[in-house]
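Student: The structure under discussion is supplied below as structure tokens; questions concerning it will follow.
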Amino acid sequence: IECVRIRQGNVPAILPVVLTFSSVGSPFRRKSEGIQYLTLAAPTFERQGEWAEWLPSELADMSKSERERTRAWMRAAMLQQADELQEFLLESIPSLSSFSAVEEMGSMGLSLAGDSEIGVYVISDLNDHLGSGVFVDVAYLTYYVCRQLGLQPSTTGLFYLPSATSPAPAEEAIAYAAFKELEHYFSTRNYDGASVPDWATTEELVPFNDGCYLLDNINELGYTLEDAAQQTLAVSEW
């Protein structure tokens, strides 16, 4: 994200947000160099009986560090702070088209289209527990907030595949699970079962209505990106 910001500059109509995770007490929100950093904390449950139905009971037998290496635990952390994330989006998104933002963009020789469309780009590391654990929920929640604000969101996924130096097969297995999750949502066009968040029930939609794109620097064929600089350029162009 930092590389993208340096390439693109501080454009007031762009809101770069980085989601991180911390098992120790950290401020939920901080801003640095024009980038908003939102830190998710470890989920807390008074007892196992309060766990959501979709949260695997096997997590109860794991140590704290083991739980934090699972996609389910990362998703639980995100869902427990979804209200804070929603409040942040409701507060921040309108400023992208404020009078001051329009004036600042004019001084940069830029302008807004003047319609209600807004682009949402979720950039995620598929082999990372946090990245692959919350990327669908982030897309749905942001879509929901944009619709609340009268905007027409176009959602796009930009996903990093495991790197050549990743400790396979563990990270490859995480990426595979993320792909299976995407396949499920694209095939059913909605959440189902007991894991339905409030923001996903308003409409039937796929999480990324403008498509998903893979950033790959491993394979020698197809749309391989040879190095990190190429990946940064591709994301910046989006």
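The values are calculated or read from the model by the stated rules, or taken from the named source; none is laboratory data. As the structure is a prediction and not an experimental result, all values here were calculated from the model. Neighbour counts are summed over all protein chains in view; Cβ atoms, including those assigned to glycine, are modelled from backbone coordinates with ideal geometry. Areas reflect the complete protein model, heavy atoms only, side chains present, ligands, DNA and RNA absent. Shrake-Rupley method; radii C 1.70, N 1.55, O 1.52, S 1.80 Å.
Student: Which residues, counting only those in the stretch 99-148, are open to solvent by less than 20 Å² (accessible area, probe 1.4 Å) and in a strand (DSSP E or B)?
Tutor: Val120, Val122, Ser124
Student: Across the stretch 20-39, which residue is nearest to Glu91 (Cα to Cα) among those that are open to solvent by 40 Å² or more (accessible area, probe 1.4 Å) and part of a loop (DSSP other than H, G, I, E, B)?
Tutor: The residue in question is Pro27.
Student: Another one. Among the hydrophobic types (A, V, I, L, M, F, W, C), surrounded by 13 or more Cβ atoms within 10 Å (Cβ to Cβ) and more than 15 Å from Cys212 (Cβ to Cβ): which single residue out of Leu182, Leu151 fits that description? Full working, then the answer.
Tutor: Working: Leu182 fails: more than 15 Å from Cys212 (Cβ to Cβ).
Going through Leu182, Leu151 in turn, the sole match is Leu151.
Student: Which one of the conditions (1) surrounded by 12 or more Cβ atoms within 10 Å (Cβ to Cβ); (2) in a helix (DSSP H, G or I) does Glu91 fail to meet, given that it meets all the rest?
Tutor: Looking at each condition in turn, Glu91 falls short on (1).
Student: For the stretch 60-70: of the residues being surrounded by 10 or more Cβ atoms within 10 Å (Cβ to Cβ), modelled with pLDDT of 85 or more and not β-branched (Val, Ile, Thr), which is farthest from Glu84 (Cα to Cα)?
Tutor: The residue in question is Met62.
Student: In the set Ile14, Ile6, which member is within 23 Å of Phe159 (Cβ to Cβ), at pLDDT 80 or above and open to solvent by 80 Å² or more (accessible area, probe 1.4 Å)?
Tutor: Numbers: Ile6 fails: at pLDDT 80 or above.
Unique residue meeting the criteria: Ile14.
Student: Quick one: would you say Thr44 is surrounded by 13 or more Cβ atoms within 10 Å (Cβ to Cβ) and within 23 Å of Ser132 (Cα to Cα)?
Tutor: Numbers: surrounded by 13 or more Cβ atoms within 10 Å (Cβ to Cβ): no; within 23 Å of Ser132 (Cα to Cα): yes.
So Thr44 fails the test.
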